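The values are calculated or read from the model by the stated rules, or taken from the named source; none is laboratory data. Computed from a predicted model, the values in this text were never measured in an experiment. Here Cβ is always computed from backbone atoms with ideal geometry, including for glycine, and neighbour counts include all displayed protein chains.
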Amino acid sequence: MRSLKYKTFPPRCPFCNQEIDPPQEFDDVLMYEFDGGQCACGASYCFDPTTRNGGAVMLQALVLACQGDWDRALSLRPDVDYYEGRIIKYSALTHRVGDPASFGTIYFIRLRPQK
Ligand SMILES: [Zn+2]
């Protein structure tokens, strides 16, 4: 039997360190092209299975964080109005992180609390 040279982990939210649910397809696929979800801490996330969609997936996570308000999402500034995080080497098949053969990225957005 082949021994594993790497360890895999369940994906955790970069903001609160809780394990996240597998990204889900959204009901509104016109609005939300990529699978994603929301963490209990309020962070939203979207999954890029290809590594090629980065910016678009990040934007979708931002729109998700704004409850679908594109105008608001586009007006927000990184590190001022929201924070970004990501998980790399994520496999949607196993819902694990760390396998070098996995190329998925999950992008996270957490809005800064409004004053
Ligand atoms: Zn979280």
Counting only residues that are more than 11 Å from the chain's Cα centre (by Cα) and farther than 13 Å from Q38 by Cβ, how many does the stretch 59-73 have? 5
Every residue in the stretch 75-94 that is within 16 Å of the ligand (Cβ to nearest atom) and either under 13 Å from P11 (Cβ atoms) or in a loop (DSSP other than H, G, I, E, B) (or both), please. G85, R86, I87, Y90
Within the stretch 92-107, how many residues are without any contact (Cβ under 8 Å) to a residue 40 or more places away in the chain and either of a type in the set (S, T, Y) or surrounded by 13 or more Cβ atoms within 10 Å (Cβ to Cβ) (or both)? 1
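Please work out if F34 is in contact with a helix residue (DSSP H, G or I) (Cβ under 8 Å, 6 or more places away or on another chain), farther than 16 Å from L111 by Cα, part of a loop (DSSP other than H, G, I, E, B) and not aliphatic (A, V, I, L, M). Give the derivation first.
Details: in contact with a helix residue (DSSP H, G or I) (Cβ under 8 Å, 6 or more places away or on another chain): yes; farther than 16 Å from L111 by Cα: yes; part of a loop (DSSP other than H, G, I, E, B): yes; not aliphatic (A, V, I, L, M): yes.
So F34 fits the description; yes.
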Mind listing whichever residues of the stretch 26-61 are crowded, with 17+ Cβ neighbours inside 10 Å and touching a Ser or Thr at 6+ places or on another chain (Cβ under 8 Å)? G36, G37, F47, D48, V57, A61
Out of curiosity, is R112 under 19 Å from C16 (Cβ atoms) and exposed (fewer than 14 other Cβ atoms within 10 Å of the Cβ)? yes
How many residues does the stretch 19-59 contain that are touching a Gly at 6+ places or on another chain (Cβ under 7 Å), modelled with pLDDT of 95 or more and not hydrophobic (A, V, I, L, M, F, W, C)? 6
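Here's the yes/no breakdown for (1) closer than 18 Å to T94 by Cα; (2) within 15 Å of the ligand (Cβ to nearest atom); (3) not hydrophobic (A, V, I, L, M, F, W, C):
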{"position": "T8", "(1), (2), (3)": "yes, no, yes"}
{"position": "E19", "(1), (2), (3)": "yes, yes, yes"}
{"position": "Q38", "(1), (2), (3)": "no, yes, yes"}
{"position": "A73", "(1), (2), (3)": "no, no, no"}
Got a number for residues in the stretch 40-60 being among the hydroxyl-bearing types (S, T, Y) and either closer than 19 Å to P113 by Cα or within 16 Å of the ligand (Cβ to nearest atom) (or both)? 2
Within the stretch 1-31, residues under 12 Å from the mean Cα position of the chain (by Cα) and assigned to a loop (DSSP other than H, G, I, E, B) come out as P11, C13, P14, F15, I20, D21, P22, P23
